[in-house]
Amino acid sequence: MSEYFFPYFGPLITKISITKEQIKDIKKLCNKKISYHKNLAGHIKDEYIIDFKKYNTIIQPQLKTFKEVYKNFYATELESIKTKSAWVNYMRPGDFNPPHTHTNCRFSSVAFLQFPKEILKENKQHQGTSKGPGALQFMYGESQLQDNINSYTIIPEEGDMFIFPSFVTHFVYPFKSKNVERISIAANFD
């Protein structure tokens, strides 16, 4: 086989795991005191602000890892990354996040604290061509039919955290599973 090289091209989307202990600590920050859904793109009733400074402290290991990945990907140092805002999303059947980006920040993230098995089962039974119920999709760049990958879709699991440039379009597919709740944390960074 001939030697070859291909460049990494496009925005960096990083998947990092958060521990069960971190999930437990983050859930302590989640309350239903200050509604935030009127400020967000989602069709989700229960979205609430959380203490972004405490959240920043909890996720320091993941932010450190992201800085290392960033350096390897872009061959340049990311001097700092700090949480600017954070909120919790309690998704129920029929809720969804339409395609959107985040503004007034450099990076964004989503971390999954709870992803019910019922949604995974529903997704496996899905017969369409998309990833389906509960999936998280990222899109960037041109939409070409051939020789171009402009989207990345994943069925998240509890403990998954994704950090990405805030200009990357992303959205969440709705699910129908009854009596379950998907809990995620969204955050913005500078």
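Summing +1 for each Lys or Arg and -1 for each Asp or Glu, what net charge is found among the other residues whose Cβ lies under 10 Å from the Cβ of Lys45? Don't jump to the answer; show the numbers that get you there.
Numbers: positive: Arg92; negative: Asp46, Glu47, Asp95.
Result for the local shell: -2.
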**Report entry** Within a Gaussian network of the chain (alpha carbon springs, distance under 10 Å), most fluctuating of Gln62, Gln137, Gln127
**Finding:** Gln127
Query raised in the report: Given segment 70-168 reduced to its alpha-carbon atoms as identical point scatterers, what log10 I(q)/I(0) does the Debye formula return at q = 0.14, 0.18, 0.22, 0.25 Å⁻¹?
Result: -0.70, -1.09, -1.39, -1.52
Report summary line: So, over other residues within a Cβ distance under 13 Å of Phe175, counting Lys, Arg +1 and Asp, Glu -1, the net charge is +4
Query - Per principal axis, descending, Cα span of the chain in whole Å - result: 56, 43, 29
Requested in this report: Quickly estimate the mean residue ellipticity at 222 nm for the chain, helices only: each DSSP H run with n ≥ 4 gives -39500 (n - 2.57), and the total goes over all residues, rounded to 500.
Outcome: -6500 deg cm²/dmol
Query raised in the report: In whole percent, what relative contact order does the chain give with Cα contacts below 8 Å and a gap of six or more residues?
Result: 32
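In nm, what is the difference between 0.36 nm times the number of residues separating Phe73 and Lys124 and their Cα-Cα distance? The partial results should precede the final answer.
Numbers: separation 51, 0.36 × 51 = 18.36 nm, distance 3.29 nm.
The Phe73-Lys124 span can extend by a further 15.1 nm.
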Report task. Could you list the residues of segment 90-113 with an amide nitrogen less than 13 Å from a label point located 7 Å from the Cα of Leu12 in the Cα-to-C-beta direction? Result -> 107-108
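So if we plug the beta-carbon distance of Arg106 and His37 into 1/(1 + (r/R0)^6) with R0 = 25 Å, what FRET efficiency do we get, rounded to 0.05? Kindly include the intermediate steps, with their values, before the conclusion.
Details: r = 24 Å, r/R0 = 0.95.
So, using R0 = 25 Å, E works out to roughly 0.55.
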Report summary line: A chain fully extended from Asp51 to Asp190 at 0.36 nm per residue, minus the present Cα-Cα distance, gains in nm 48.4 nm
Query - Virtual spin-label span in nm between Phe167 and Glu181, 7 Å along Cα→Cβ - result: 3.7
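Every number in this text was worked out from the coordinates using simple rules, so none of it is lab data. This one's a predicted model, so the numbers in the text were calculated from it and none came from an experiment. A quick note on method: Cβ atoms are made from the backbone with ideal geometry, for glycine too, and the neighbour counts reach across all protein chains shown.
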